[in-house]
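The values are calculated or read from the model by the stated rules, or taken from the named source; none is laboratory data. Keep in mind it's a predicted model, so treat the numbers as computed, not measured. Please note: Cβ atoms are built from the backbone with ideal geometry, for glycine as well, and neighbour counts cover all protein chains shown. These area figures cover heavy atoms from the full protein model, side chains too; ligands, DNA and RNA do not enter into them. Shrake-Rupley method; radii C 1.70, N 1.55, O 1.52, S 1.80 Å.
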Amino acid sequence: MQFIILFLIAMGIVGLALGGYLTPIARVVINPIVSAQSWLAKRYQAVQSLITQPEDVTSLRQKNAQLEAENSAMQVQIIELQQQVSEAQLLSTLVDYERRHVENQYIAASVIARDVSPFMHYVIIDRGSDDGLRKGMPVITQQGLVGKIAAVTAGAARVELINDPGSSINVILQQSGVEAVLNGDITGEIGLDMISQNAVVQPGDLVMTSGLGGNYPANLVIGQVVTVRSEAYSLFQSASVQPAVDFSQLAIVLIITNFQPVDISPLIPAPGTP
Amino acid sequence: MINLIGLILFGILSILQSTIVSRIPLLNGTADLILLFIVAWALQDRVESAWQWCLIGGIFASLYSALPFGTFIVTYLIATGIARLLKRRVWKAPFLAMLAATFIGTIIVQVLSLAARLVTGVNIPLISMLNLILLPGLLLNLILAIPIYSIMRDMAGWLYPEELEA
């Protein structure tokens, strides 16, 4: 009899549950159970981690060290790749320059050293007479004129930069056609001298080699006029020039190998000769 | 053996000078590592190879410079002479002697370099040279003088060990 009553109650509960009538009651009953269960689970996990932590910390530290090593190796790789990319970009612009100026023959060289004296604005490149370089050959980058070869050994050459105080180049201003002389300075800046007082020179004028004197080929870009100084009592005007080339960042240069400088010094009359 | 070490040392120093130090100017002046090592070596007690090392340093510097060959040799010989003189006079205060030798040596090197350029027909304004090259170079050399003196003192102790009395 008792069994039948229990069976009927059970069946009734099942029926009510299937009918969805027990859901509110179940929610009221289950929610505290779930809360209690999750509270207990968290405490259990905390205790478990406390017991197993030393092992995890050791393994984590090892893994961290390994990842840090991998990270630094990858950073080195990234820096190397960035250097290769910038070198490739530089070479690509130099190749573009070569293609645009097919009238000349070029040899590329890396700048490997600077003059040890601060009085000399010279650099040393890693190509020499074994590569066909000769004294006087012009040195350029894709931006413009760098200088000329001053001395050559078998495997290296010394380049006199155009901003050396001893450098003097005949130039022409592209817009006005005015001729002048470009001189270097101890400060590393370059400036124009011997500009006729009648000449009209504007800031922004492009300065290019004129080819006069036979030391450089014509039409190599040097820079732009920045300021012009004209004084009433002076015979000539002068101007400061912003060079197209950044001489502090020289890395790879091109040497024009088919240009032969002309020595005109025997043709210049010595002082006192008729 | 000692001169061979000098050859290696100044070979390395000239490479460092031309590739790194020359690219780190203060205004237009740069430190002169070769001068500093020569002067610091000349100030060490018991050192007998000061003149040889000075010659080696001068030759290496001349190879890396477009200044007339021999300019650095002459200037470094004068700087070594002054350092040896100071060593006798100010022997009780070696750091002071190092600073004084660096000061005088730098001025000699710069002035003779300027003279060499003037002789070759390049005009350099004195004021610009003083403000942009000499004073900044002097400052850099004085900053580096003491650490380099310490390095050379250790090296002198290694190459010329003190004889123990029996």
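Can you name the condition, by its number, that A:Asp96 falls short on among (1) within 30 Å of B:Leu112 (Cβ to Cβ); (2) open to solvent by less than 80 Å² (accessible area, probe 1.4 Å)?
Here A:Asp96 meets the rest and fails (1).
Which of the residues that make up the stretch A:202-213 are modelled with pLDDT of 85 or more and part of a loop (DSSP other than H, G, I, E, B)?
If the condition is that a residue be modelled with pLDDT of 85 or more and part of a loop (DSSP other than H, G, I, E, B), then A:Gln202, A:Pro203, A:Gly204, A:Asp205, A:Ser210, A:Gly211, A:Leu212 are the ones that fit.
Filter the stretch A:121-148 down to the residues that are open to solvent by less than 10 Å² (accessible area, probe 1.4 Å) and either outside any loop (DSSP other than H, G, I, E, B) or within 12 Å of chain B (Cβ to nearest Cβ) (or both) and list them by number.
The answer is A:Val123, A:Ile125, A:Pro138, A:Val139, A:Ile140, A:Leu145, A:Val146, A:Gly147.
Among the residues of the stretch A:196-203, is any in contact (Cβ under 8 Å) with a residue 40 or more places away in the chain, in contact with a Leu (Cβ under 9 Å, 6 or more places away or on another chain) and under 30 Å from B:Leu132 (Cα atoms)?
Scanning the stretch A:196-203 turns up no residue that is in contact (Cβ under 8 Å) with a residue 40 or more places away in the chain, in contact with a Leu (Cβ under 9 Å, 6 or more places away or on another chain) and under 30 Å from B:Leu132 (Cα atoms).
Pull up the stretch B:22-56, narrow it to residues that are open to solvent by 10 Å² or more (accessible area, probe 1.4 Å) and aromatic (Phe, Trp, Tyr), then point me to the one that is farthest from B:Thr75 (Cα to Cα).
So, considering only residues that are open to solvent by 10 Å² or more (accessible area, probe 1.4 Å) and aromatic (Phe, Trp, Tyr), the one farthest from B:Thr75 (Cα to Cα) is B:Phe37.
In the stretch B:57-86, how many residues are open to solvent by less than 10 Å² (accessible area, probe 1.4 Å), hydroxyl-bearing (Ser, Thr, Tyr) and in a helix (DSSP H, G or I)?
Adding up the residues that qualify gives 4.
Over 15 Å from B:Gly105 (Cβ atoms) and at pLDDT 90 or above: which single residue out of B:Ile78, B:Ile73, B:Ile59, B:Ile82 fits that description?
B:Ile59
Among the strands (runs of 3 or more DSSP E) confined wholly to the stretch A:158-201, which include 2 or more residues that are more than 10 Å from every other protein chain (Cβ to nearest Cβ) and modelled with pLDDT under 90?
Those strands (runs of 3 or more DSSP E) span A:190-196.
Scan the stretch B:15-31 and give yes if some residue there is in a helix (DSSP H, G or I), in contact (Cβ under 8 Å) with a residue 24 or more places away in the chain and within 20 Å of B:Arg153 (Cα to Cα), otherwise no.
no
Considering each residue of the stretch A:153-186, count those that are of a type in the set (A, V, I, L, M, F, W, C), surrounded by fewer than 22 Cβ atoms within 10 Å (Cβ to Cβ) and over 18 Å from A:Ser238 (Cβ atoms), and give that number.
Of the residues in the stretch A:153-186, 2 are of a type in the set (A, V, I, L, M, F, W, C), surrounded by fewer than 22 Cβ atoms within 10 Å (Cβ to Cβ) and over 18 Å from A:Ser238 (Cβ atoms).
Please determine, by comparing only the residues of the stretch B:103-133 that are within 9 Å of chain A (Cβ to nearest Cβ) and touching a residue at least 24 places away in the same chain (Cβ under 8 Å), which one is surrounded by the fewest Cβ atoms within 10 Å (Cβ to Cβ).
Residue satisfying both the conditions and the ranking: B:Thr120.
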